[in-house]
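Peer 1: Provided herewith is a single structure, encoded as structure tokens, for subsequent inquiry.
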Amino acid sequence: MIGDVSRSDKIVVEKSTVPVKTAEAIEKILAHNGRGVRYQILSNPEFLAEGTAVQDLFSPERVLIGGRETPEGQAAVKALKDVYARWVPEDRIITTNLWSAELSKLAANAFLAQRISSVNAISALCEATGADVAEVAYSIGKDKRIGPRFLSASVGFGGSCFQKDILSLVYICECYALPEVAEYWRQVIGINDYQKSRFVNRVVSSMFNTVAGKKVAVLGFAFKKDTGDTRETPAIDVCRGLLGDKAVVCIYDPQVTEEQVRRDLAMKKFDWDHPRHLQPVGEPAGQQESRLQPHVRRHAEACLHLRWPQHRRPGEAPGDRLHRVLHRQTA
Ligand SMILES: NC(=O)c1ccc[n+]([C@@H]2O[C@H](COP(=O)([O-])OP(=O)(O)OC[C@H]3O[C@@H](n4cnc5c(N)ncnc54)[C@H](O)[C@@H]3O)[C@@H](O)[C@H]2O)c1
Ligand SMILES: O=c1ccn([C@@H]2O[C@H](COP(=O)(O)OP(=O)(O)O[C@H]3O[C@H](CO)[C@@H](O)[C@H](O)[C@H]3O)[C@@H](O)[C@H]2O)c(=O)[nH]1
């Protein structure tokens, strides 16, 4: 497409998160179809997060630009840097070689996800020992070398980026014959899956070892607050787990439509990555009531707040409100 329409030399900027060496593949394709037009490929990964996209765009913590270490490559890097310099302070604009920029994005997401899996792994130990995961996270986050962010224990991370990018990292490691490194990062996803099933098991055991026929209210379905995005949301695995045990699951999320919830629960893993018209629309296996209105929580036997780990009260672990609801009902 770019090759078809370009009549003069061009800079092509990768914004998407891509496997390392993608720029090389783009270079080769464009060189074959270039008809004398010369291209410089830059890697400029996007670091914004959903729910804070505009804020992140206006005030990014850093902008990363990778280019070829040739005079033409460096000129292209400078051209893009000048664009950002119109609103981003220069000391926040990092320039690197192409492969460092491509890999930095995958590595950043892997590190963020690793922190969540680490604190979630500790949450299992907290529940076994009586330690409070929020207190542990607060205490370790006070160490400046660790820092306080991305240490909220949760049902597991979701969203369209973390799992995909770690799997991409794992695949690249395998391609470069680094199975031990691949296994290390794969375990971040392993713990994430474990956390989701552990949560379901905890709900079931809190409800006398079965949720069959019991009404469970699920408040929040999107993968994080301030978004209606349900891609890879842990709510899908949790609801499926409960439906698998024949619970009557009532779901409420002010930003997610009932059709989307039904679509997600009927979908196979990763089908969200396929064009919409190929995605199934149907009834999920199991019984799911129509979109829950907030007042329905009063009639549910358990109420799970899934969406916003940040909204837990200090000292409260995931699932604690479940107990509170149960206690209120049995009282
Ligand atoms: N969503 C975010 O918050 C976010 C933040 C930073 C970076 N990113 C990265 O940006 C990219 C896009 O993310 P998104 O959330 O907008 O995803 P998306 O699924 O909403 O959009 C991807 C688009 O790419 C198209 N596409 C997929 N494969 C294609 C192909 N082979 N050729 C041409 N088009 C193709 C799809 O049809 C779709 O329109 C990803 O690489 C993601 O990792 C996303
Ligand atoms: O302490 C935390 C922080 C986050 N989460 C969960 O982790 C997931 C991802 O959250 P977040 O990173 O805030 O959202 P994304 O929009 O997926 O953004 C990530 O993925 C983007 C796409 O690659 C990157 O650009 C961003 O920098 C990176 O934060 C969500 O399910 C959160 O609930 C936790 O469980 N505990």
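Peer 1: For E69 and A108 in the same chain, what is the full-extension length gain: residue separation times 0.36 nm, less their Cα-Cα distance, in nm?
Peer 2: Difference between extended and current length: 11.8 nm.
Peer 1: Follow-up. At 10 °C and a viscosity of 1.306 mPa s, what translational diffusion coefficient does Stokes-Einstein give for segment 53-193, taking Rh as the Kirkwood radius over Cα pairs? Give it in µm²/s as a whole number.
Peer 2: Translational D for this selection: 91 µm²/s.
Peer 1: How much of the accessible area of segment 158-213, in percent, comes from carbon and sulfur atoms when a 1.4 Å probe is used?
Peer 2: 64
Peer 1: Listed highest first by mean packing, meaning other Cβ atoms within 10 Å per residue, what order do 17-28, 158-169 come in?
Peer 2: Highest to lowest by the protection proxy: 158-169, 17-28.
Peer 1: Right, here's the next one. Would you mind computing, in nm to one decimal, how far apart the modelled labels at R149 and D4 are, each placed 7 Å from Cα along Cα→Cβ?
Peer 2: The modelled label-to-label distance comes out at 4.1 nm.
Peer 1: On to the next question. Check which residues have an amide H placed less than 5 Å from T96's amide H, if you skip close sequence neighbours.
Peer 2: I65, G66, G67
Peer 1: Students often check this: by mean Cβ neighbours within 10 Å, which of 112-125, 74-87 ranks highest, and how do the rest follow?
Peer 2: In descending order of packing, they fall as 112-125, 74-87.
Peer 1: Run down the aspartates and glutamates and flag those whose C-alpha is under 12 Å from the C-alpha of K225, throwing out any fewer than 8 positions away in its chain.
Peer 2: E50, D253
Peer 1: Something else now. Given segment 124-234 reduced to its alpha-carbon atoms as identical point scatterers, what log10 I(q)/I(0) does the Debye formula return at q = 0.14, 0.17, 0.18, 0.23 Å⁻¹?
Peer 2: Each listed q maps to, in turn, -0.81, -1.10, -1.17, -1.29.
Peer 1: In debye, nearest 20: dipole of segment 1-75 around its Cα centre with unit charges on the Cβ of K, R (+) and D, E (-)?
Peer 2: That gives segment 1-75 a dipole magnitude of about 340 debye.
Peer 1: Relative contact order (percent) for segment 1-131, with alpha-carbon contacts under 8 angstrom and 6 or more residues of separation?
Peer 2: The normalised contact order for segment 1-131 reaches 25 percent.
Peer 1: Considering the dipole of segment 2-104 built from charges on the beta carbon (Lys and Arg +1, Asp and Glu -1) around the Cα centre, which of A85, N33, I2 is farthest to its positive end?
Peer 2: Among A85, N33, I2, the one farthest towards the positive end of the dipole of segment 2-104 is N33.
Peer 1: OK, next. Given K78/K224; K21/K224; K144/K196; K164/K224, which pairs have Cα atoms separated by over 28 Å?
Peer 2: Over 28 Å Cα-Cα: K78/K224; K21/K224; K144/K196.
Peer 1: OK, next. Let me know the shape class of segment 1-92, please: from the alpha-carbon gyration tensor, a ≥ b ≥ c as square roots of the eigenvalues, rounded when a/c is under 1.5, otherwise prolate if a/b is greater than b/c, or oblate.
Peer 2: Here segment 1-92 falls in the prolate category.
Peer 1: Which peptide among 4-15, 229-240 comes first, and what is the full order, when sorted by highest mean count of other Cβ atoms within 10 Å?
Peer 2: So the peptides 4-15, 229-240, ranked by packing, come out 229-240, 4-15.
Peer 1: Give the carbon-plus-sulfur fraction of the accessible surface of segment 2-104 in %, rounded to a whole number; probe 1.4 Å, heavy atoms of protein chains only.
Peer 2: Answer for segment 2-104 is 56 percent, counting heavy atoms of protein chains only.
Peer 1: Once amide H atoms are built 1.01 Å from N in the peptide plane, which residues 5 or more positions from D9, or in another chain, come under 5 Å H to H?
Peer 2: Those lying under 5 Å, H to H, from D9 are R38.
Peer 1: Right, next: Could you tell me the calculated FRET efficiency between S16 and I140, based on Cβ-Cβ distance and R0 = 45 angstrom, to the nearest 0.05?
Peer 2: 0.85
Peer 1: By how many nm would the segment from A49 to F208 grow when fully extended, if each residue of separation counts as 0.36 nm and the alpha-carbon distance is taken off?
Peer 2: Full extension from A49 to F208 adds 53.3 nm.
The values are calculated or read from the model by the stated rules, or taken from the named source; none is laboratory data. Predicted model only: the values in this text are computed from it and were never measured. Please note: Cβ atoms are built from the backbone with ideal geometry, for glycine as well, and neighbour counts cover all protein chains shown. To get the accessible areas, we keep the full protein, side chains included, count just its heavy atoms, and leave off ligands, DNA and RNA. Shrake-Rupley method; radii C 1.70, N 1.55, O 1.52, S 1.80 Å.
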